[in-house]
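Everything on this sheet refers to the single structure shown next.
The values are calculated or read from the model by the stated rules, or taken from the named source; none is laboratory data. All values derive from a computational prediction rather than experimental measurement. For neighbour counting, all protein chains shown are included, and Cβ atoms are generated from backbone atoms with ideal geometry for every residue, glycine included.
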Amino acid sequence: MEEIIAQFVKLRSIIAEIVRDAGQYMKEHAPDNREVHRKPGLANFVTDEDVAIQKKLMEEFDRLFPGCTFFGEEDVAGNDRDGRDGLCFFIDPIDGTTNYIFGYNHSCVSVGAGYGGEMIAGFVYNPYADEMFTAVRGCGAEMNGRELKIHDVPIEEGIVAFGCARYNEGDTDALFQIAKELYLNSLSIREGGSAALDICRVAKGANAAYLELKLNPYDYAAGSVIVEEAGGRIEQVDGRCITLDGPCSILAGTSKAVEEVREICRKYL
Ligand code: IPD
Ligand code: CA
Ligand code: CA
């Protein structure tokens, strides 16, 4: 484990550059109608750029770390989603695809690295705000080279973000009751359309907490290291550890905020 972490410390800026290039490609290639395709489920889109970026990232990481495996969102050859033993890259080539299609300018590229079932590094780049988040386990989290350290604010002193997707409609009623209560107990709520960026916003102190009832590992793997290395928490809503082999709920935040949001969720779930 120490050896692989040392490798990530050494390659941190090189990996960040690879992720930055992917983000710039996303920004420069706004999709047109021909490039938007539907996946199963309501409002579940994929663009040609999602696939092209994931392919390129897989090639780059395969070159840097021969033999590594991939758990990416898109169906690309070599994406085995089964690499929990050795080094595995969790790739969301575009997190915030619906924002991307509708020109919201709020999407990112998210790359997490796990080793033996534990997350060891995270890289998230938002090209619209030029924000590069990086973290290596035990070595801190940074945004554009500046160290991130969370202050333990309660939700009454902060913004609470939540996420929901039309293709995951279970618990919709409960979620919106929870959202109302979060609104009434915080400064405000947000639904930004990119889970990875909302988790990074916890790390940079913009969100006191982030809640979503069902996400996939590629949505939160990178953000999980970034938020923890910044001094925050990320867990399932019921307090269990997040999973890397399949979907789970996500509650990220300051320590106080996580406890408060969990208490609110308990009433409705
Ligand atoms: C989605 C975004 C959204 C979240 C959804 C995710 P995608 O990812 O992160 O904010 O609410 O649950 O699936 O499809 O844009 O990569
Ligand atoms: Ca995603
Ligand atoms: Ca995606």
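Observations
Results for (1) away from ligand 3 (no atom under 16 Å from the Cβ); (2) aromatic (Phe, Trp, Tyr); (3) surrounded by fewer than 16 Cβ atoms within 10 Å (Cβ to Cβ), shown as yes or no for each residue.
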{"position": "GLY72", "(1), (2), (3)": "no, no, no"}
{"position": "VAL76", "(1), (2), (3)": "no, no, no"}
{"position": "ASP85", "(1), (2), (3)": "yes, no, yes"}
{"position": "ASN99", "(1), (2), (3)": "no, no, no"}
{"position": "TYR104", "(1), (2), (3)": "no, yes, yes"}
{"position": "SER110", "(1), (2), (3)": "no, no, no"}
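- Flag for PHE90 being at pLDDT 95 or above, under 29 Å from GLU169 (Cβ atoms) and surrounded by 20 or more Cβ atoms within 10 Å (Cβ to Cβ): yes
- Close pairs from region 176-199: first touching a residue at least 24 places away in the same chain (Cβ under 8 Å), partner away from ligand 1 (no atom under 16 Å from the Cβ) and small (Gly, Ala, Ser), Cβ under 8 Å, at least 6 apart: SER186/GLY158; SER186/ALA208; LEU187/GLY158
- Residue match in region 171-186 (condition: more than 16 Å from LEU251 (Cβ to Cβ) and within 15 Å of ligand 3 (Cβ to nearest atom)): no
- Cβ separations smaller than 7 Å between residues 6+ apart or across chains give the following pairs from region 1-16 residues that are closer than 18 Å to ARG146 by Cα to residues that are among the polar types (S, T, N, Q): ARG12/THR134; ALA16/THR134.
- Looking only at region 201-221, and only at residues there that are more than 16 Å from ligand 3 (Cβ to nearest atom) and assigned to a strand (DSSP E or B), the one that is farthest from ASP245 (Cα to Cα): ALA209
- Residues located in region 38-55, provided they are away from ligand 1 (no atom under 11 Å from the Cβ) and modelled with pLDDT under 85: ARG38, PRO40, LEU42
- Each residue in region 184-200 was checked for being surrounded by fewer than 24 Cβ atoms within 10 Å (Cβ to Cβ) and assigned to a helix (DSSP H, G or I), and 2 of them qualify.
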